[in-house]
Structures are given as C-alpha cells and as structure tokens.
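Written below as structure tokens is the structure these notes are about.
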Amino acid sequence: MNIFQHILVPTDFGEPSEHALDVAVSLAGKFESTLTLLHVYVIPAYSYANGIYWPSEDIEREAKRALHEALAKLKERWPRSDALITGGVPWEQILATAKERGADLITMGTHGRTGLSRALLGSVAERVVRMSAVPVLTVFMQSRGTPAVL
C-alpha cells in the first residue's frame, strides 16, 4: 500500500525549502509519489494604502521564472513532478492547494525562528501544521547546516 501518493512541497526558494524538497524527493522515491512544487507569492496590501507602488506584474513574473527553473531541476531528479504558482496568504494557499490537489503529505522547510522574530514574522509552517488535514513534515536547518526533520 502506498501511503503517500501525492506530496505537496511549498517553496520560497530559500535554503530550508531546498532541504525540504530533498526530503520530499527521497520520500517520493520510496513511495512512488507524485510531487507538486508550490510557490505562493505575496504582494503587501498595506503598501497601497501608504502610496507605495509594488510592481505586482514584476513580482509575479519573477516568481514564475524561479518556479519554472526549480521545476526543470526537480524533473531531472523526479519526473513525476509538477508545479503551481498562486498569490495570496501563504499558509491559506498551501492548505487550499493540498485539499484541491488531494495531497497526502505536505513537506515544507522552516527557518526555525523562535522568540521575538517568530512573534513578529509569524510562522507559515506553524500555521500549516496546526490547521492541516493531512500530515505535515517540517524540515529545518540545524546550526551546523545539516537538515533536521521534525
């Protein structure tokens, strides 16, 4: 029996996301899973109220370019992969995509922030873990640069 048929891997293209993708590819190989790489881009809404212009088309175009490159590299490692890009609140979009795509597992990187930085910046991974209907595997970098799976 294949426990994880579809693994969702959210990415912000940072180092923790890359390590989570490595773990997801390894799991996909063991379970013969399909992988979906997801990037959620954010355009700060508060900036419009303050008269600051964010070039949303440029942000979306750059995100699509980065995701296209990431998918090309991923397909070399695991051909049963696809990618999706969307805009919005990251944790909400991750959970919605998991439900829409029928993901059995979400594998995601985390920066492992604690204390004040976590309170100020929040934690997408924490929200996903708390609210997900499917298992969430979080991967973070230890101080020595080796990934740890929680």
Self-check item: Separation of the Glu57 and Arg127 label points, Cα + 7 Å toward Cβ, nm
Solution: 2.9 nm
Practice problem: Just subtract the alpha-carbon distance of Val89 and Gln5 from 0.36 nm times their residue separation and send over the number in nm, one decimal. | Solution: 27.6 nm
Practice problem: Once you have the Cα-Cα distance between Phe13 and Ala96, take 0.36 nm times their residue separation minus that, and quote the gain in nm to one decimal. | Solution: 27.9 nm
Quiz prompt | Residues in the stretch 4-24 that a label on Glu76 would reach, taking backbone N under 20 Å of a point 7 Å out along Cα→Cβ | solution = 11-24
Quiz prompt | Net +/- balance of residues flanking Leu71 in space, Cβ distance below 14 Å, scoring K and R +1, D and E -1 | solution = +2
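Since every read-out is calculated from the coordinates, none of them should be taken as a lab result. Computed from a prediction, not measured in an experiment: that's the story for all the values here. Cβ coordinates were reconstructed from backbone atoms using ideal geometry, including for glycine residues, and neighbour counts include every protein chain displayed.
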